[in-house]
Amino acid sequence: MHMHKYEKIWLFFGIGSLFLFLTIVGVSAFAQGNQPPSCLTTIDPEKVDQTPPFNKPGLVKTGDNEYQLNIVASAFAYTPNQIEIPKGAKVTINVTTKDVIHGFEMVGTNVNMMVEPGYVNSFTKTFNETGEFTILCNEYCGTGHHLMTAKVKVVDKQ
Amino acid sequence: MPQLTDKKTKVKTEEHSSLKGTLASVFLLGFFLIFTWVGVYFLFLDRL
């Protein structure tokens, strides 16, 4: 098959980028173990209040400088909605919802998840600087959607 | 069958058409896509 020289160039470029992307995604997923925030961890959405760790939502210390932050989203609030985190803590955030789909965005950070009923979403972040973060819902969930917020304060360790 | 051979000669005359503009526009689009992806990646790193 005859092909124009330029055509060969851009086909090589296009197919090459495709393989580059697939390689990056493959290395990220299989060698580095990266996964989406919601990765097949399920929960009965009607029994969230009785299922640990969501029966006692909040910040839990799990190791040296390691924490778990369990949050329940529901129309139209996060439980808890005032959180204090010590500076430098590595926090694994677990979120689930009792009713409809909610969003979980920590403004100005990479923490941004879609919280679906029946699933647990997780994201690990290290908070290296003091400050305040707003958590807000970015999936329209009903009439009170715009009021659905929470505050995270990163404070110096005592 | 004779009609088919006629068509073939027509295609051959079009081979000399210039594809410079196409090449330029394909790579302009390509570099724009790379630029935006790299930009988003650095935004991600900055927020880590």
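The values are calculated or read from the model by the stated rules, or taken from the named source; none is laboratory data. Note that the structure is predicted; figures quoted are calculated from it, not measured. Quick reminder, even Gly has a Cβ in these numbers, built from the backbone with ideal geometry, and neighbours come from all protein chains shown.
Below are the figures for this structure:
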{"quantity": "A:Asp156, sole failed condition from (1) modelled with pLDDT under 90; (2) buried (at least 18 other Cβ atoms within 10 Å of the Cβ)", "calculated": "(2)"}
{"quantity": "Residues located in segment A:121-137, provided they are assigned to a loop (DSSP other than H, G, I, E, B) and either of a type in the set (Val, Ile, Thr) or touching a helix residue (DSSP H, G or I) at 6+ places or on another chain (Cβ under 9 Å) (or both)", "calculated": "A:Thr130, A:Cys137"}
{"quantity": "Qualifying positions in segment B:39-48 - within 12 Å of another protein chain (Cβ to nearest Cβ) and part of a helix (DSSP H, G or I)", "calculated": "B:Val40, B:Tyr41, B:Leu43, B:Phe44, B:Leu45, B:Asp46"}
{"quantity": "Listing of strands (runs of 3 or more DSSP E) fully contained in segment A:1-114 that carry 2 or more residues being under 24 Å from A:Cys141 (Cβ atoms) and within 13 Å of another protein chain (Cβ to nearest Cβ)", "calculated": "A:102-106"}
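Okay, residues lined up against (1) within 19 Å of A:Pro53 (Cα to Cα); (2) of a type in the set (A, V, I, L, M):
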| residue | (1), (2) |
| --- | --- |
| A:Asn70 | yes, no |
| A:Ala73 | yes, yes |
| A:Tyr78 | yes, no |
| A:Lys87 | no, no |
| A:Val100 | no, yes |
| A:Val107 | no, yes |
| A:Val111 | no, yes |
| A:Glu116 | yes, no |
